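Read-outs throughout are calculated quantities, based only on the coordinates presented, and are distinct from any laboratory measurement. Remember, it's a predicted structure, so these values are computed and weren't measured experimentally. FYI the Cβ positions are ideal-geometry reconstructions off the backbone, even for glycines, and counts take in every protein chain you see.
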Amino acid sequence: MDERKITMVHGSGGSATSELINEIFAREYADRTLDEMEDAAVVPGAGTLAMTTDSFVVTPLQFRGGDIGRLCVCGTVNDLLMRGAIPKYLTCGFILEEGLSVETLKQLVHSMAETAREAGIRVVAGDTKVIEGNGGLYINTAGVGFIPDGVDIRAEKAAVGDAILVSGTLGDHHAAILSERMEIETDIESDAAPLRQMVDSLISSGLPIHSFRDVTRGGLGTVLKELAVASGKVFEIEEEKIPVTAKVQDFCGLLGLDPIYMGNEGKMVVILPAEYANQALEIMKSCRYGENAVQIGTVLAAAAGESAAGGESYNAGGELICKTAIGGRRRLDVLQGEGLPRIC
């Protein structure tokens, strides 16, 4: 057990900084490009690039089913995958607060390295800064991926008649973080996962995928509303088909939460023509993290005043309708206000 703590000297750029980099980061992220320790990484690339960046500030740093290290890789990789890109390169900037346990840092860096290997992405550049504080840690990432020729996956491509699929149960990550913050005894684990295998399998199958979207902050309701607006369509989902574990349902009942607006870190929405829905579900269920995949809805009318199921008229610009368990319909919007707690 390493009982040392991060101090301001670790951010000085001198020998203590070098020791920190060599002992923890370079050891875990061993890579031929990173090992050059140049000011910028030079990597091969051609064709169409996908790029993304994100910052991670979750509390606590370690939680059931994951930690901030795994989280930052999953979040960045999954964002690239949602455009059909093959993740290739990752950079990570660490902001360490004075007082952070060196042992904790080792564990988080190791977790991040393992997740990067699982996701098939290389950590090729990084930076470390130390600030005054109370032992916290923040991570900023940037990811680059290559989009294969012929792959064109966009939110606006959702079409009337498409099926809306979701890759698994919702709310697990949100419930795991919130229960730890509130010291509620539960064994609910975060779903933090890189979705590389699932996306690669769907794309390589040749199915006419219209849209992907990972279900993170704001939950399923926010994601589907955004997709509906982007495509100018009406999305209709069925409440009873939305997959939620009994443990998360009980947790939501205890705190008055709605699983539709709870965050996740290892789930995705797939939209494609309905005639290919069963084939897509078979592929998803055969992949790690997709065993609970299910169709939850359909893309309906597109134009203002056009009638859909039930004879109801909808506005142009995108609508999200949820058929309730008792047969009613309610319009859903993006999450209003802050979805506490901070989950990524």
Considering only Tyr138, Thr222, Leu178, whose Cα is most displaced toward the positive end of the charge dipole of the chain, charges sitting on Cβ of Lys, Arg (+1) and Asp, Glu (-1)? Thr222
Looking only at lysines whose Cα falls under 25 Å of Lys267's and that sit 8 or more positions away or on another chain, we get Lys88, Lys157, Lys225, Lys233, Lys241, Lys247, Lys285, Lys323
With +1 at each Lys and Arg Cβ and -1 at each Asp and Glu Cβ, the charge dipole magnitude of region 8-147 around its Cα centre, to the nearest 20 debye, comes out at 520 debye
Under unit Cβ charges (Lys, Arg +1; Asp, Glu -1), what dipole magnitude, rounded to 20 debye, does region 155-332 have relative to its Cα centre? 420 debye
One point scatterer per Cα, no solvent, Debye formula: log10 I(q)/I(0) for region 71-168 at q = 0.17, 0.19, 0.21, 0.25 Å⁻¹ comes out as -0.83, -0.94, -1.06, -1.30
Region 155-190: GluC sites (Glu not before Pro) in DSSP coil with no more than 12 other Cβ atoms inside 10 Å: Glu183, Glu185
Return the ratio Rg/(2.2 N^0.38 Å) for the chain, where Rg is computed over Cα atoms only. 1.05
Enumerate the lysines that Lys106 could reach by cross-link, defined here as Cα to Cα under 21 Å, with residues fewer than 8 away along the same chain left out. Lys5, Lys129
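At 0.36 nm per residue, and after removing the present C-alpha to C-alpha distance, how many nm does the segment from Ser15 to Ser201 gain when stretched out fully?
Numbers: separation 186, 0.36 × 186 = 66.96 nm, distance 4.61 nm.
Here the segment from Ser15 to Ser201 would lengthen by 62.4 nm.
Taking the Cα centre of the chain as origin, work out the dipole magnitude from +1 charges on Lys and Arg Cβ and -1 charges on Asp and Glu Cβ, in debye rounded to 20.
I would put it at about 640 debye.
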In the P(r) worked out for region 1-145, what percent of Cα pairs fall beyond 21 Å? 41 percent
Report the one residue of Tyr89, Ala113, Ser231 whose Cα lies farthest in the direction of the positive end of the charge dipole of the chain (charges on C-beta: Lys and Arg +1, Asp and Glu -1; origin at the Cα centre). Ser231
Once you order the gyration tensor axes a ≥ b ≥ c over the Cα atoms, which shape class does region 155-332 get: rounded for a/c under 1.5, otherwise prolate or oblate by comparing a/b with b/c? oblate
Residues in region 220-234 near a label at Glu156, defined as backbone nitrogen under 11 Å from the 7 Å Cα→Cβ point? 230-232
Summing -39500 (n - 2.57) over every DSSP H run of at least 4 in the chain, dividing by its residue total and rounding to the nearest 500, the 222 nm mean residue ellipticity is -8000 deg cm²/dmol
List the DSSP H helices in the chain whose Cα atoms stretch 15 Å or more along the helix axis and whose mean Kyte-Doolittle hydropathy is at least 0.5. 68-81, 219-231
How would you order 224-237, 270-283 from highest to lowest mean count of nearby Cβ atoms within 10 Å? 224-237, 270-283
Counting other beta carbons within 10 Å of each Cβ, put Lys106, Lys129 in order, fewest first. Lys129, Lys106
Long-range amide H partners of Leu335 with built H, under 5 Å: Thr222
dims of region 219-288, Cα set, principal axes, largest to smallest, nearest Å -> 39, 32, 22
Honestly region 154-251 on the Cα gyration tensor test (a ≥ b ≥ c root eigenvalues; a/c under 1.5 rounded, otherwise a/b vs b/c for prolate or oblate) is just prolate
Rounded to the nearest 5, what % of the DSSP beta bridges within the chain are antiparallel ones? 75 percent
Among Thr17, Ile242, Thr324, flag the residue with its Cα farthest along the positive direction of the charge dipole of the chain, charges on Cβ as +1 for Lys/Arg and -1 for Asp/Glu. Thr324
